[in-house]
Amino acid sequence: MTTPQVIAAGQAPGKIILFGEHAVVYGRPAIAAPVFQLQAHARVFADHECIVEAPDIGHRVRVENAPDDNPLARIVRLVCNHLGQPLPAWRVEVRSDIPIASGLGSGAAAAAAIARALLAAFEAEISPEQLSALVYEVERLHHGSPSGVDNTVVVCGRPVWFVRGQPPEPFAAGAPLHLLVADTGVASPTRIAVGDVRAAWQADPGRFEMLFDRVGALVWQARRWIEDGQTAALGEAMNENHTLLNAIGVGSEELDRLCEAARSAGARGAKLSGGGRGGNMIALVEAGARAHVEQALLAAGARQVVATSLLPV
Ligand code: PMV
């Protein structure tokens, strides 16, 4: 059998939220950054009909008769509609090393990778804003009212200052920031955490608006400290953001255990990242302490630890 020929390919990174998850859904700012060590890759092959498959998770859909809420089929339809093209006789294969339902933007990255591969196969170009808007439509399937931070950062591919409904502001760190991203191994769909926070906010808006305001103030301060390269203050701010996320109700025993292990091993600060309840946490470390903190995270039960850095440009 001959190997099918690749017509085109596309990719997109995972992401972490450094500050401001959940509060960002309610209009407060967030700071997020791509994680290029974790990627989604898509490839387009000639076929007899339009198919999308994610072999890693055993999903295969024929786009023509897939239900409307299938995220793989949705991004293919969105790209074709945007370009005014009929469904092509192509098979799109997406593979990803970003763990699913773990706060690292796996859904947004897979959709962005598929869209990029299709655009390349159609030899079409669209702006990053347009691509981000298409990926946002897929994000809406994952939870009803996403802030838009995931699609923005995986498409933009740079650290961003993000406020819902406003154009993202790329910004740079004043000194290198070294981070470890550790997975609790507990899958936690963002939809559930976001839905629970909404219900709690509706039940007690005063308390939750106050918590979101405190997160918002912290995010503003953190931006200054990132730009000035003040890592000690930044670590403290991460710890505080984690405490506020626990008060918001999206913490978990596993996340606390990993954050504590990182701090005890010398991390400057640690917090959950993304939707919470499980998924990943991030720890800010000095370059020299990285290996020691990584060992401590693994000993405390982390399923995987990935090192990433934000570098001054
Ligand atoms: O869990 P993730 O990677 O989808 O991140 C969700 C971030 C939230 O702020 C909790 C939700 C949102 O829409 O911004």
Relative contact order for region 179-281: what percent, with Cα pairs under 8 Å and sequence separation of 6 or more?
41
How big is the Cα convex hull of the chain in projection, averaged over all directions, in nm²?
16.4
Determine the dipole magnitude for the chain: charges of +1 sit on the beta-carbon of Lys and Arg, -1 on that of Asp and Glu, nothing else is charged, the reference point is the Cα centre, and the result goes in debye to the nearest 20.
120
Please compute the per residue accessible area over the chain with all protein chains in place, 1.4 Å probe, rounded to a whole number of Å².
42
Relative contact order in percent for region 144-238 (Cα pairs under 8 Å, 6+ apart) equals 28
Region 122-259 - Rg (one decimal) and Dmax (whole number), Cα, Å
16.8, 51
Scan the chain and note any complete DSSP helix (H) whose C-alpha atoms cover at least 24 Å along its axis and whose Kyte-Doolittle average is -1.0 or more.
205-228, 231-248
Between Ala307 and Asp204, what is the label-point separation in nm under the 7 Å Cα-to-beta-carbon projection?
4.2
Here the gain from full extension of Glu260 to Arg191, 0.36 nm per residue of separation minus their alpha-carbon distance, amounts to 22.2 nm
Heavy-atom accessible area of the chain with neighbours in place, 1.4 angstrom probe: carbon+sulfur share in percent works out to 51
Could you pull the accessible area for Thr243 with a 1.4 Å probe, rounded to 10 Å²?
90
Using only the alpha carbons, work out the radius of gyration and Dmax of region 105-146 in angstrom.
10.6, 32
Could you pull the Rg and Dmax for region 234-293, using just the Cα atoms, both in Å?
10.8, 34
Give the residues of region 232-275 whose amide nitrogen is closer than 17 Å to a point set 7 Å from the Cα of Gln295 in the direction of its Cβ.
261-267
Would you mind calculating the relative contact order of the chain from Cα pairs under 8 angstrom and at least 6 residues apart, reporting the percent as a whole number?
22
In square nanometres, what is the average projected area of the Cα convex hull of region 1-123?
9.0
Post the alpha-carbon centroid distance, region 244-313 to region 189-231, in whole angstrom.
18
For region 17-84, the percent of all C-alpha pairs falling in each 10 Å bin, from 0 up to the bin holding the max distance, is 15, 33, 28, 21, 3
Taking the Cβ of Arg28 as the centre, find all other residues whose Cβ is under 13 Å away and add up their charges (Lys, Arg: +1; Asp, Glu: -1).
0
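The values are calculated or read from the model by the stated rules, or taken from the named source; none is laboratory data. Worth saying up front: this structure is predicted, and the values here are computed from it rather than measured. All Cβ positions, glycine included, derive from the backbone under ideal geometry; neighbour counts span all protein chains shown. What goes into the accessible areas is simple: the full protein's heavy atoms, side chains included, and nothing from ligands, DNA or RNA. Shrake-Rupley method; radii C 1.70, N 1.55, O 1.52, S 1.80 Å.
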